[in-house]
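> Got a structure here, written out as structure tokens. Questions coming.
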Amino acid sequence: MAIPTEKELIDAACHLGHPTSKWNPRMAPYLYGSRKDIHIFDLEQTRKHLEKVCNALKKLQAEGKTILFVSTKQQSIPMIEDMGETLHQPTVTKKWIPGLLTNWSTIKNRLKYYLDLQESFRTGEVEKYTKKEQVSLRKKLAKLDAALSGVSTMKHTPDAVFVIDAVRDSVAIAEARKLSIPVYGICDSNANPADFTEFIPANDDAVKSLLLILGTLKETLTSTK
């Protein structure tokens, strides 16, 4: 997919930031100005940075690297899950598990337990337990499924992380940065651009904005397969 035009970005509300009272001053270079106390993004910069992120992630995808897509923002969850399924990449769309990256050795053991438990239900091996024990194990499996299903294919910490909302999912960014894992994503006017390796200055709330940006990314990365 070609990088959207400025008109397409405007039509998708990509240009609308947060109220001027809730901004991060480090975003000043990426803003055109304000209107009715709402910051407006410089869409020339949005297009340029979107292209940079697309190129960076396309290279990683082509090299078979692992990109962890993260967003616990409700309106974005179906898009992120679709992205992960299409690209065969891990996702986090529920609550971020503290230590998912920084305490990977423990999480890896938890993942093995989850996958083994899942397999025991699939093969019927779980039937060797009493009915009461089976009910308890099924409850454990449901909890683990909600927490770990999106990252069940991860064999190691990811090569990069993509985050939609840098403020909401700041813990994911902090863990990635602690391990020097490159961070990409959308940086709204209330976020800190210094948190990213490369970012897209744009609206991270509007569904139309997310659909356009993630759709562009998805098509770009899919073309590498």
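> I'd like to verify a number: residues in region 158-195 that are β-branched (Val, Ile, Thr), touching a residue at least 60 places away in the same chain (Cβ under 8 Å) and over 18 Å from LYS94 (Cα atoms), how many?
If we filter region 158-195 for residues that are β-branched (Val, Ile, Thr), which is where we start, we get 161, 163-164, 167, 171, 173, 181, 183, 186.
If we keep only those that are touching a residue at least 60 places away in the same chain (Cβ under 8 Å) as well, we get 161, 163-164, 171, 181.
Filter once more, so that each one left must be over 18 Å from LYS94 (Cα atoms): 181.
Qualifying residue count, region 158-195: 1.
> Then there is this: Across region 119-166, what is the total count of residues that are surrounded by 16 or more Cβ atoms within 10 Å (Cβ to Cβ) and not small (Gly, Ala, Ser)?
Qualifying residue count for the region: 13.
> Filter region 62-92 down to the residues that are of a type in the set (S, T, N, Q) and surrounded by 22 or more Cβ atoms within 10 Å (Cβ to Cβ), then identify the one that is nearest to LEU148 (Cα to Cα).
If we take residues in region 62-92 being of a type in the set (S, T, N, Q) and surrounded by 22 or more Cβ atoms within 10 Å (Cβ to Cβ), then THR91 is nearest to LEU148 (Cα to Cα).
> For region 1-112, list the strands (runs of 3 or more DSSP E) that sit wholly inside it and hold at least 3 residues that are touching a residue at least 24 places away in the same chain (Cβ under 8 Å) and in the same structural domain as LYS178 (by TED's automatic domain parsing); which are they?
Result: 16-19, 38-41, 67-70.
> Kindly indicate whether GLY99 is under 15 Å from LEU68 (Cα atoms) and out of contact with any Phe, Trp or Tyr (no Cβ under 7 Å at 6 or more places or on another chain).
Criteria met by GLY99.
> Given the options LEU100, LEU111, LEU115, name the one that is of a type outside the set (Gly, Ala, Ser), touching a strand residue (DSSP E or B) at 6+ places or on another chain (Cβ under 8 Å) and under 30 Å from LYS178 (Cα atoms).
LEU100
> Could you tell me whether ILE97 is among the hydrophobic types (A, V, I, L, M, F, W, C), surrounded by fewer than 21 Cβ atoms within 10 Å (Cβ to Cβ) and at pLDDT below 95?
Here the answer is yes, as ILE97 does meet what is asked.
> Which ones in region 148-157 are small (Gly, Ala, Ser) and either touching a residue at least 60 places away in the same chain (Cβ under 8 Å) or closer than 15 Å to TRP104 by Cβ (or both)?
Those that are small (Gly, Ala, Ser) and either touching a residue at least 60 places away in the same chain (Cβ under 8 Å) or closer than 15 Å to TRP104 by Cβ (or both): GLY150, SER152.
The values are calculated or read from the model by the stated rules, or taken from the named source; none is laboratory data. None of the values given here were measured: they were computed from a predicted structure. For neighbour counting, all protein chains shown are included, and Cβ atoms are generated from backbone atoms with ideal geometry for every residue, glycine included.
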